[in-house]
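The values are calculated or read from the model by the stated rules, or taken from the named source; none is laboratory data. Remember, it's a predicted structure, so these values are computed and weren't measured experimentally. A quick note on method: Cβ atoms are made from the backbone with ideal geometry, for glycine too, and the neighbour counts reach across all protein chains shown.
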Amino acid sequence: MAAKMRMEINHSEYKILVVDDVLSNVLLLKVLLTSEKFNIVTAMNGTQALELAQQESPDLILLDVMMPDISGFEVAQQLKSMPDFHEIPIIFLTALNAASDIVKGFQMGGNDFISKPFNKEELIIRVMHQISLVAAKRIIVQKTEELERTIVGRDKLYSVIAHDLRSPMGSIKMVLNMLILHLPSTKIGEEMFEMLNMANQTTEEVFSLLDNLLKWTKSQTGKLNVVPQDIDVAGVAAGIIEIFSMVAELKKIKLTLQAPDQVEVRADIDMLKTVIRNLISNALKFSNPGGEILVNVEDKEDRVVISVADNGCGIKEEDQAKLLHVDTHYTTFGTKNEEGSGLGLLLCQDFVRKNGGELWFTSKVDEGSTFSFYIPKKS
């Protein structure tokens, strides 16, 4: 059985304002709380209490209700109306025991009541309870600020890495693509061609990862805005298929498009291209040589549905639930050991939703997968 963690509280770090118009009560409370190592500030009336609260910013206020100038209820009400002081907990000290008085005290912002004449042990326990809540809140605020700084630093690091590496990787990718096209295996030999092909494939994967990482970071930090425009989806899909035709040819996979001549949607063109590109890239990754990939664009009444279907290795049923969830990192290797990051599908889902659509998939092991999404049509 795990031991309960106890929060260590250094009483000297907490200041308590004691307010009572009876000097003997003030002195007694000061002695009791000073013995517990708390810092004590005292006031003899409501006006002085308001001044000291603003000067000293106490962590807790013990506040007498019945005072000659301003009642404790009024003091509490004024403090709770001030943004800098409304969260300071207040324990009312009162001889009033009527239910209506207690209700009024809580309505004025009180956190607890101690009846006069008070019991010393009860007073200490109630004070300790409120101080422990203050201490817990401080820890929560501190940890939240630390987490926010960590997230900002992480996102900045991701963005810098992706941005600074994307350009040189893009150049390397273009060079390797040209070499693959102009240096067939008949010229450089099968072994050298396979090494060149492997380098080209790895570069493509790294470039895709960096591109996704940069866009994901910008999207999550709110720096990537949706810029809707009228787009011919069929034309966009055809252009992306042309880009992937060489990769498909090298892997001996048939890549085809089935679409109307023209169908328009209202969406962000860069986001739409990213989604289609990622889905085709994944389909190529998990297709076997000799396989087929069909990109289908279907014109519905109020939307356009785009699907990318392959007859590759498919996804195990127990692994399907892990996809499309930010809190579940899932990735696997392609049919030629292509390594994925698991980020592409999350980015696709994010971009589709930002454009008013939704993404889904069906898959069977050894039969293939179909990833589909819809985008609302141009109104």
Failed criterion for Thr150 (all others in (1) assigned to a helix (DSSP H, G or I); (2) surrounded by 11 or more Cβ atoms within 10 Å (Cβ to Cβ) hold): (2)
Exactly one of these conditions fails for Ile125: (1) assigned by TED's automatic domain parsing to the domain that holds Phe73; (2) at negative phi; (3) of a type outside the set (Asp, Glu). Give me its number. (1)
Examine segment 92-103 for a residue that is under 41 Å from the mean Cα position of the chain (by Cα), closer than 25 Å to Leu32 by Cβ and of a type outside the set (A, V, I, L, M, F, W, C), and state whether such a residue exists. no
Quick check on this structure: which one of Leu272, Leu250 is touching a residue at least 40 places away in the same chain (Cβ under 8 Å), within 33 Å of the chain's Cα centre (by Cα) and assigned by TED's automatic domain parsing to the domain that holds Phe371? Leu272
Before we move on, is Ile180 in a strand (DSSP E or B), aliphatic (A, V, I, L, M) and more than 19 Å from Phe286 (Cβ to Cβ)? no
Residue tally, condition modelled with pLDDT of 90 or more and in a strand (DSSP E or B), over segment 238-264: 5
Residues of segment 216-245 being under 25 Å from Leu181 (Cα atoms) and hydroxyl-bearing (Ser, Thr, Tyr), in sequence order, are Ser245
Using beta carbons and a limit of 9 Å, which pairs, at least six apart or on different chains, have the first residue in segment 209-229 and within 10 Å of Leu347 (Cβ to Cβ) and the second one of a type in the set (Phe, Trp, Tyr) and assigned to a strand (DSSP E or B)? none
Residue match in segment 268-280 (condition: buried (at least 16 other Cβ atoms within 10 Å of the Cβ) and either among the small types (Gly, Ala, Ser) or over 25 Å from Leu224 (Cα atoms) (or both)): no
Take the residues in segment 327-377 that are of a type in the set (Ser, Thr, Tyr) and either at positive phi or at pLDDT 90 or above (or both), then tell me which one is surrounded by the fewest Cβ atoms within 10 Å (Cβ to Cβ). Thr362
Checked segment 64-89 for anything assigned to a loop (DSSP other than H, G, I, E, B) and under 18 Å from Ile114 (Cα atoms); matches are Val65, Met66, Met67, Ser71, Ile88, Pro89
Scan of segment 8-48 for residues that are among the hydroxyl-bearing types (Ser, Thr, Tyr) and closer than 24 Å to Met66 by Cβ, ordered by number: Ser24, Thr42, Thr47
Inspect segment 41-55 for any residue being surrounded by 16 or more Cβ atoms within 10 Å (Cβ to Cβ), over 21 Å from Lys137 (Cα atoms), touching a residue at least 60 places away in the same chain (Cβ under 8 Å) and in contact with an Asp or Glu (Cβ under 6 Å, 6 or more places away or on another chain) and give the result as yes or no. no
